[in-house]
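Working notes for the structure below.
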Amino acid sequence: MKKKMKGDKKMKCMYCGCTDSKVIDSRSADEGSSIRRRRECNGCGRRFTTYETIETTQILVVKNGGNRQTFNPAKLKNGIIRACEKRPVSMVKIDQIVEDIQKQIYNSLEQEITSKQIGEMVMERLKEVDEVAYIRFASVYRQFKDISTFMKEIESLLSKN
């Protein structure tokens, strides 16, 4: 016998509005980050699909000027893609970097993170993957003002090798 939790809401059929349905099939989706459920309405007999995902707490990114915005993994991915343009870095590797940084951010259990901390995480990973992509990202992130600052970063990279 299923126990109904207090405040538990039933999934409503998108065709007839009936709240009584049965799960026909469940499968892992989005590389295990969600569950896809195929349902059949007990009212009209039509089938529909629902997705179950983990609810995450919202993380705010504190920008240099002090303003805050919601953490957006897509924005992070776009910045890394730009740095890796025309470099031998696969999308699989880029996705791994984004996922790794996302996990680190959520595992910190903090509700706010600075853009500086995120930038350092990206640079740390890019340095291991592709030095040119690292320099590209660093030049934008650190806002190199002139060639001497750029050269210092390259010299720092070369001295560590």
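All but one of (1) surrounded by 14 or more Cβ atoms within 10 Å (Cβ to Cβ); (2) at pLDDT 90 or above; (3) of a type in the set (A, V, I, L, M, F, W, C) hold for Ile24; which doesn't?
Unmet condition: (1).
In the range 14-63, how many are farther than 30 Å from Gln102 by Cα and in a loop (DSSP other than H, G, I, E, B)?
Qualifying residue count for the region: 12.
Pick from the range 130-161 the residues that are over 21 Å from Asn64 (Cβ atoms), in contact (Cβ under 8 Å) with a residue 12 or more places away in the chain and not aliphatic (A, V, I, L, M): which of them is surrounded by the most Cβ atoms within 10 Å (Cβ to Cβ)?
Asp130
Which one of these is under 18 Å from the mean Cα position of the chain (by Cα) and among the small types (Gly, Ala, Ser): Ser26, Ser33?
Ser33
Tell me which residues, restricted to the range 77-93, are assigned to a helix (DSSP H, G or I), surrounded by fewer than 13 Cβ atoms within 10 Å (Cβ to Cβ) and in contact (Cβ under 8 Å) with a residue 40 or more places away in the chain.
Residue satisfying the conditions is Arg82 alone.
Only one residue in Gln102, Gln96 is open to solvent by 80 Å² or more (accessible area, probe 1.4 Å), assigned to a helix (DSSP H, G or I) and at pLDDT 90 or above. Which one?
Within the list Gln102, Gln96, the selection yields Gln96.
Please enumerate the residues belonging to the range 105-120 that are more than 22 Å from Asp30 (Cα to Cα) and in a helix (DSSP H, G or I).
Ser115, Lys116, Gln117, Ile118, Gly119, Glu120
Report yes if Ala74 is surrounded by fewer than 10 Cβ atoms within 10 Å (Cβ to Cβ), at pLDDT 90 or above and of a type outside the set (Val, Ile, Thr), otherwise no.
In short, yes.
Condition check: of a type outside the set (Asp, Glu), free of Cβ contacts under 8 Å to residues at least 60 places away in the same chain and open to solvent by 90 Å² or more (accessible area, probe 1.4 Å). Does Lys127 satisfy that?
no
Hey, among Thr53, Thr49, which residue is touching a Ser or Thr at 6+ places or on another chain (Cβ under 6 Å), open to solvent by 40 Å² or more (accessible area, probe 1.4 Å) and over 18 Å from Phe137 (Cβ atoms)?
One residue alone meets the criteria, Thr53.
Please go through (1) farther than 15 Å from Gln102 by Cβ; (2) open to solvent by 60 Å² or more (accessible area, probe 1.4 Å); (3) modelled with pLDDT under 95; (4) not β-branched (Val, Ile, Thr) for Gly66 and return the number of the only condition it doesn't satisfy.
(2)
The values are calculated or read from the model by the stated rules, or taken from the named source; none is laboratory data. Worth saying up front: this structure is predicted, and the values here are computed from it rather than measured. Note: ideal-geometry Cβ built from the backbone for every residue, glycine included; neighbour counts use all protein chains shown. For accessibility, only protein heavy atoms count, side chains too; no ligands or nucleic acids. Shrake-Rupley method; radii C 1.70, N 1.55, O 1.52, S 1.80 Å.
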